Amino acid sequence: MAAAGYLLNNRTYYNPDLGEEVIEILNDFEKPYRFHKSLDEYCPTPLIEIPHLSELLGINKILIKDEGQRFGTSALKILGASYAVYQEINHSKSIKGICTATDGNHGRAVAWACKKNGLESVVFVPYQTSVSRIRFIEEEGAKVIVSKGHYDQAVKEAAAYAEENNITLLQDTSWTNYHRIPSTITSGYYTEMHEVSEQTNKLMKPAIDVVFIQAGVGSWPSAIVHFIRKYLNNQKVKIVCVEPYESDAIYESVKRASLATTRKSQKTIMAGLNCGTPSYIAFEILKQGVDAFLTISDEYAIDAIKYLNAPLPGDPYVAAGESGSAGLAALLAIIRNKNIGMLKKQLGITKESNILVFNTENVTDPDLHYQLLSDK
Ligand SMILES: Cc1ncc(COP(=O)(O)O)c(C=O)c1O
């Protein structure tokens, strides 16, 4: 049966305590946008309306920021990786190569950015990574190494490999004494929010009431939160952080009030969100800036994919992967799952509400995707 759970967060003030270096990087909101706009590949991604599904769900407007075509790499992760590779090249002119670990999209993005800059890349993936995800990373020119374990283990192996081979670890998660690069990656994601801000007149037209953001290690959603709470200084919009029910590292950390590892099975089709332990920088931001932490089981992601891929008559087609569809999936769960029905009321969602979700990836695992679509 479809499962879901949530924790409400009574936010008081927004002022994450992350140290000077991290805050300086995170508060540089304009530079990543200038950098991305200077690239030949740059083109803002669309903000799409799905009027008939909105009506069916009893919502005024559902807006989808669709990242499926970002720089031709199929996922938003390219924004963080491309900016961080550029900054690392500026930081160290003698950079030899780059190593990272990934659930799929970040690694493919790092490989893309390395190829563009003539750098070698080595990408570690968790042991259960699908053949098509590995192939997409290799097609960008990276050497792929399959880890012995889940995502956290792959990160450890990538860090050890980088040290042994004297190459740069470009990881999108942070830990003690590893924070400059993950903060830079996070700030690279601001470009997406600059675009949303222009497309909605700073979230005022239409006035956005609730934003759903899906989390893996939390770096991308923390960029969205920091942009909204700090740069736009908007404390009113409700922000909901969404994770797979079976991979709930941030939810578990919030429950324990300190950084924790998921105790669940880590079996989920939402591969991009399947991380064992959150990024500590991201966790500091999310726990101050998010209004509710939600976990949803795979059934909701499948439903969301089906709505986006086989839309109601008159709604646009959106090619969305399993992790990409998780924001819409969360809204479906809140509306349909009686166990968490109260959350709809607590977030103030009514038929007047305008809701922003992000399709953070295109179809990034075609074999799984078409199997899910053909299952009854
Ligand atoms: C498609 C997609 N959406 C969302 C995320 C979440 O980003 P983060 O791991 O920074 O929380 C990821 C992470 O890889 C992803 O691949």
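Of ASP172, ASP152, which residue is touching a residue at least 40 places away in the same chain (Cβ under 8 Å), within 14 Å of the ligand (Cβ to nearest atom) and out of contact with any strand residue (DSSP E or B) (no Cβ under 8 Å at 6 or more places or on another chain)?
Values: ASP172 fails: out of contact with any strand residue (DSSP E or B) (no Cβ under 8 Å at 6 or more places or on another chain).
ASP152 is the lone residue from the list that is touching a residue at least 40 places away in the same chain (Cβ under 8 Å), within 14 Å of the ligand (Cβ to nearest atom) and out of contact with any strand residue (DSSP E or B) (no Cβ under 8 Å at 6 or more places or on another chain).
What residue, among those in the stretch 322-346 that are assigned to a loop (DSSP other than H, G, I, E, B) and touching a residue at least 60 places away in the same chain (Cβ under 8 Å), is surrounded by the fewest Cβ atoms within 10 Å (Cβ to Cβ)? The selected residue is ASN337. Screening ASP103 against (1) within 15 Å of the ligand (Cβ to nearest atom); (2) modelled with pLDDT of 95 or more leaves a single unmet condition, (2).
Check whether at least one residue in the stretch 250-261 is within 11 Å of the ligand (Cβ to nearest atom), on the phi < 0 side of the Ramachandran plot and of a type in the set (A, V, I, L, M), and report yes or no. Spell out how you get there, then give the answer.
Step one: list which residues in the stretch 250-261 are within 11 Å of the ligand (Cβ to nearest atom), which gives 250.
Now restrict to residues that are on the phi < 0 side of the Ramachandran plot: 250.
Of the ones still in play, those that are also of a type in the set (A, V, I, L, M) are 250.
Yes, the conditions are met somewhere in the stretch 250-261.
The set of residues in the stretch 8-27 that are under 20 Å from the mean Cα position of the chain (by Cα) and surrounded by fewer than 16 Cβ atoms within 10 Å (Cβ to Cβ) contains only ASN27. Here GLY118, GLY68 are screened, and the one residue that is outside any helix (DSSP H, G or I) and not assigned by TED's automatic domain parsing to the domain that holds THR360 is GLY118. For the subset of the stretch 347-362 comprising residues that are crowded, with 20+ Cβ neighbours inside 10 Å and in a loop (DSSP other than H, G, I, E, B), which member is nearest to the ligand (Cβ to nearest atom)? Here the residue is THR360.
Exactly one residue out of GLU140, GLU157, GLU192 is among the acidic types (Asp, Glu), in contact (Cβ under 8 Å) with a residue 24 or more places away in the chain, touching a strand residue (DSSP E or B) at 6+ places or on another chain (Cβ under 9 Å) and within 14 Å of the ligand (Cβ to nearest atom), and it is GLU192.
Regarding ALA101, is this residue of a type in the set (A, V, I, L, M), more than 21 Å from LYS148 (Cα to Cα), assigned by TED's automatic domain parsing to the domain that holds ALA142 and buried (at least 21 other Cβ atoms within 10 Å of the Cβ)? It would help to see each step written out before you state the result.
Numbers: of a type in the set (A, V, I, L, M): yes; more than 21 Å from LYS148 (Cα to Cα): no; assigned by TED's automatic domain parsing to the domain that holds ALA142: yes; buried (at least 21 other Cβ atoms within 10 Å of the Cβ): yes.
When the stated conditions are applied, ALA101 does not pass them.
Looking at the stretch 127-162 only, could you name the residues that are touching a Cys at 6+ places or on another chain (Cβ under 9 Å) and either among the charged types (D, E, K, R) or at pLDDT below 95 (or both)? Within the stretch 127-162, GLU140, ASP152 meet the criteria.
Residue-level analysis places ILE78 among those that are without any contact (Cβ under 8 Å) to a residue 60 or more places away in the chain, surrounded by 15 or more Cβ atoms within 10 Å (Cβ to Cβ) and at negative phi. Consider ALA319 carefully, then state whether it is among the small types (Gly, Ala, Ser) and outside any loop (DSSP other than H, G, I, E, B). For ALA319, the condition - among the small types (Gly, Ala, Ser) and outside any loop (DSSP other than H, G, I, E, B) - is not met. Residues in the stretch 13-38 that are at negative phi, in contact (Cβ under 8 Å) with a residue 40 or more places away in the chain and assigned to a loop (DSSP other than H, G, I, E, B): TYR13, TYR14, ASN15, PRO16, ASP17, LEU18, ASN27, ASP28, PHE29. Whether any residue in the stretch 77-95 is within 14 Å of the ligand (Cβ to nearest atom), more than 30 Å from LYS37 (Cβ to Cβ) and either assigned by TED's automatic domain parsing to the domain that holds ILE269 or within 22 Å of the chain's Cα centre (by Cα) (or both) is what I want to check. So far as the stretch 77-95 goes, no, none of its residues is within 14 Å of the ligand (Cβ to nearest atom), more than 30 Å from LYS37 (Cβ to Cβ) and either assigned by TED's automatic domain parsing to the domain that holds ILE269 or within 22 Å of the chain's Cα centre (by Cα) (or both). For PRO311, are the conditions met, namely being in a loop (DSSP other than H, G, I, E, B), closer than 22 Å to GLY58 by Cβ and touching a strand residue (DSSP E or B) at 6+ places or on another chain (Cβ under 9 Å)? Against the criterion (in a loop (DSSP other than H, G, I, E, B), closer than 22 Å to GLY58 by Cβ and touching a strand residue (DSSP E or B) at 6+ places or on another chain (Cβ under 9 Å)), PRO311 does not qualify. Between ILE228, ILE239, ILE208, the distinction of being more than 11 Å from the ligand (Cβ to nearest atom), surrounded by 18 or more Cβ atoms within 10 Å (Cβ to Cβ), without any contact (Cβ under 8 Å) to a residue 60 or more places away in the chain and over 24 Å from THR129 (Cβ atoms) belongs to ILE239 only. Filtering the stretch 242-278 to residues that are touching a residue at least 60 places away in the same chain (Cβ under 8 Å) and aliphatic (A, V, I, L, M) leaves VAL242, VAL254, ILE269, ALA271, LEU273.
The values are calculated or read from the model by the stated rules, or taken from the named source; none is laboratory data. The shown structure was predicted, so the numbers you read here are calculated from the model rather than taken from an experiment. Neighbour counts run over all protein chains shown; Cβ positions are idealised from the backbone, glycine included.
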